Structures are given as structure tokens and as C-alpha cells.
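Here the structure is laid out as C-alpha cells; the discussion comes afterwards.
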Amino acid sequence: MGFKKDFVWGTATSSYQIEGAYNEDGRGLSIWDVHSHQPGNVDCQHTGDIACDHYHKFKEDVLLMKNLGIKAYRFSLSWPRIFPDGTGKINEKGVKFYSNLIDELLKNGIEPYITLFHWDYPYALYKKGGWLNDDSVKWFKEYAGEVSRLYSDRVKNFITFNEPQCFIGEGYLSGAHAPGLKVSYKDIFQMCHNVLKAHGAAVIAIRENAKQPVKIGYAPTCSVKYPASEKKEDIDAARKAFFDSYPLSRSVMWNTAWWSDPVVLGHYPEDGLEMYNEYLPEITDEDMKLINQPIDFYAQNIYNGRGVRATSDGNYEFTDRYAGFPKTAIQWPITPECLRWGPKFLYERYKLPFYITENGMSAHDVISLDGKVHDPNRIDFLNRYLLELEKAADEGADIQGYFLWSFMDNFEWAKGYTDRFGIVFVDYNTQKRIPKDSAYWYKDWIEKHSI
Ligand code: IFM
């Protein structure tokens, strides 16, 4: 069976990580500009001021994508580039930039997938309380409606949020990401609820303003729980572990069900409601109706996972990673099984057409003496992961597409430019792009798996 004939083979990036031009053409500040300019927040005091200079080099980048056989491109919009103050007055030059990018993609036969929010929150709105302010729902709705009005004549696929787990968990609980705060659980759960409401409001606004039928999705992240064996009891244990709500002691924001059940099923998971009860805001039926807007696809960013086995008392435990367990340069474990079991479990639960909206690895890439960038570890990673994804498709999950993270090396948030996730190497001194061996491998893979 394998992948569908019209499977969407893409790559992904995000605005702050690649665009640069942080203060050009009327762009407003985002919380990441302010955060990265504050000494001590990002490795080596790197900032996204210039990044990959994609703002100026987008035509070259799109051409490179085309030459590498990439069929679809998932990118995010910088909200403050369009609305410098987050709401109100629109920045025409910012609007034009994305319009030109979309035209360039379409001209080169590449399908655009827009993500509305990938973490670069307008600083002006942050100063008004950001996600903690109940008006944040209305602000995001205004932005989403405008994006739809501006681009839905040419763009058919929209994603509301990228990884709410991270921008709330890392931004406001661990403080590792912008805006670098550690707030109370009460505030955290209020923000979660507002983000989910903002998702629903955005879905409504996108549809209301769409110039043609559009497809709308949502892209959270997770750590997949996969079974330690093919035994039924281990599979059941892994499924349960995957969707169980995390206790407060365990990186609580990394919940899968907490972030996705309300969106797709219309309710928060019971175990979470019980565990977090004392910190929860008022949750009304009207809120849940808003959050539970029909969406067209479910997306998930998946990088790794954890093995789970059933225990004799009917519970489960995590399997140990053996000494020398493979890992990427950023120290994430390499667990290809997550691309089989993650999509299977998620499809089974949410029953929506499914996309992998991010997957890939960071490696210690260098330009070799022959002028090329050899990244055999990334090729091996991609090969193993995609073979597992194919198994999920064979086993019945309706998988529509895969977006490799990332098209090119970029600003890896608190790690600055020290980690390279791209299949295209970026020399930050010269802004030269060099496709790595993995880019040619992916090209070949796409060719073999397309009609
Ligand atoms: O670079 C990030 C991306 O912005 C969100 N998902 C994970 C990637 C790698 O850390």
C-alpha cells in the first residue's frame, strides 16, 4: 500500500527563525526580538535580527526548494510584520512580503501551507497582558481573519498554532523561551484556555473571510509513547500513557490530550480536570463550543518518544534507554517507532486526516574540504522515520503529508545558531545556502514516492 499517490511531501520553517529584517519595512517588535536582545537568554547572544535573511533572499530560497523537488512549504507569518501593534493598523509592506512569497511559491509549483502563529508574539500585545488577557482571543481572531482575507485567494491550507505546549510551557513555565517568565499554574491554565479559545475563534474568522474553500488544522507537539513490543497489553499501555494527563511534576505542558481533546473532541480530559482542578479558570459550555470548531485536518509535530510496557498490576512503566542510545546533536533520542505509533494513536482517537507538520534532526554539520555538506546521520534518521510512517499508513492511518523540519538551518530559539536542523546548510557569514546530502536524498525519496 504505502503512501497515497497525492501525498504532500514538504518542508517547514518559521518566520522568526529565518526571516531576519526584524526592524525593516515597518515590522513591529515581537517578544522574541526583545528576549533575544537581553543578554543571557540565548546561547552566544544570538538573535533573529538577520537569521537566514530570507526576507531578502526568499526568491532564491523558493527556487532552491523547487530544484530539490519539494512539493509543499509550510511557513509561518510574523504577526507583528502584518500588524506592528498586534491589532489595528496593517503594515502594507509586510503584507506584500508574504503576498510575494506566496506568488513565488505558486509560480514554482510549491503548495503554500500557512501557520498563523509560530511563537513571535507581538510585543505590543504582550505588554497588554498577552495570552493572560481575555482579549487575546479577540486579537488573534482579528489577525486570523485578516490573513484569510489577504491570502486565501491563493492559499488553501491554514494552521492556527504551532506547538502551544512550547510557547506556553517554555515561555511562561520554564522561562527558557520568550518572554522568559515563570508564572503560577493558575496563570498557565488561564493562558492555555485562552490559546484554545483563540484557536476556535481563528477557525471561525478564517472561514468567514475565505475566498475559496480552505482547509484548517492545528499543529501541537508531543512526546509519543510507543509500545515496547507488539503484544496487545503493551500497545494498550502505550496508548494510555500517550493520552494520560501529565502530573504537575512532569513538564505538565507536554500533555497531548489536554491540548488536543478540547479542539477535536470538545472536552478536556477527565484526569486533567481532576489533577489541575485548583488552578483552572472558569470553563463554560460556550467556551468549549468555541474551542471545538470543526477542523479539516489534525497535525502533529513529532521528533521522538518513549517506550512503554504493561506491568502485571495493570499499570504501565517506561522502558529504559540503553547505554549509548542514539541521539541527535541537540541530545534528543532517536526513536523512529514514534512515527508509526504517534500517527496511529492520534488517528484512532481524533479520526481526522493527519499531517506530520514537523520532523527532522539537528546534527553537527560542517562544510567538508570538497565544499559539500555530508550528513549521513540525518539521511539514516529520515530513512528510518519515514519507513515507520509508511507502516502507520499501511496500518490504516489517513496520513496526508509530511513536512520535514527544516528546509534550512535557522535560529533554534534559546540555542541560537548552535544547532542545525536544515537539509540546506546556511553559512551565516555569507548567507550562502548549500544543500546537504540529505536534501538530495529527500529529493530522491520524493521522486520515488510521487506519481
Ligand atoms: O525549531 C523548532 C521549531 O520552531 C518548533 N519545533 C521544534 C523545532 C526544533 O527544536
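The values are calculated or read from the model by the stated rules, or taken from the named source; none is laboratory data. All figures in this text were calculated on a predicted structure; none of them were measured in a lab. All Cβ positions, glycine included, derive from the backbone under ideal geometry; neighbour counts span all protein chains shown.
Some points to look at:
- Each residue in the range 347-371 was checked for being within 16 Å of the ligand (Cβ to nearest atom), of a type outside the set (V, I, T) and crowded, with 18+ Cβ neighbours inside 10 Å, and 8 pass.
Each row is one residue, and each column tells you yes or no for (1) at positive phi; (2) among the aliphatic types (A, V, I, L, M); (3) assigned to a strand (DSSP E or B); (4) within 16 Å of the ligand (Cβ to nearest atom).
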| position | (1), (2), (3), (4) |
| --- | --- |
| E24 | no, no, no, no |
| H35 | no, no, no, yes |
| I50 | no, yes, no, no |
| K57 | no, no, no, no |
| R74 | no, no, yes, yes |
| G86 | yes, no, no, no |
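- Qualifying residue in the range 200-216 (condition: assigned to a strand (DSSP E or B), surrounded by 21 or more Cβ atoms within 10 Å (Cβ to Cβ) and β-branched (V, I, T)): yes
- Condition check for W413: at positive phi, surrounded by 21 or more Cβ atoms within 10 Å (Cβ to Cβ), in contact (Cβ under 8 Å) with a residue 24 or more places away in the chain and within 16 Å of the ligand (Cβ to nearest atom): yes
- Within the range 332-350, the presence of a residue that is without any contact (Cβ under 8 Å) to a residue 12 or more places away in the chain and either touching a Phe, Trp or Tyr at 6+ places or on another chain (Cβ under 9 Å) or assigned to a loop (DSSP other than H, G, I, E, B) (or both) is excluded.
- Cβ-Cβ under 7 Å pairs, at least 6 apart or on other chains, the range 220-231 side under 16 Å from N359 (Cα atoms) and in a loop (DSSP other than H, G, I, E, B), far side at pLDDT 95 or above and within 12 Å of the ligand (Cβ to nearest atom): P220/E163; P220/P164; P220/Q165; P220/Q300
- Whichever residue in the range 416-443 is among the acidic types (D, E) and away from the ligand (no atom under 15 Å from the Cβ) and, among such residues, is surrounded by the most Cβ atoms within 10 Å (Cβ to Cβ): D437
- So R340, is it more than 16 Å from the ligand (Cβ to nearest atom), among the basic types (K, R) and over 25 Å from K436 (Cα atoms): yes
- Where P294 falls short, out of the listed (1) crowded, with 22+ Cβ neighbours inside 10 Å; (2) more than 25 Å from K232 (Cβ to Cβ): (1)
- Selection from the range 270-303 of residues that are touching a Ser or Thr at 6+ places or on another chain (Cβ under 9 Å) and part of a loop (DSSP other than H, G, I, E, B): Y276, I295
- On the stretch given as the range 34-85, residues that are aliphatic (A, V, I, L, M) and under 16 Å from I423 (Cβ atoms) total 7.
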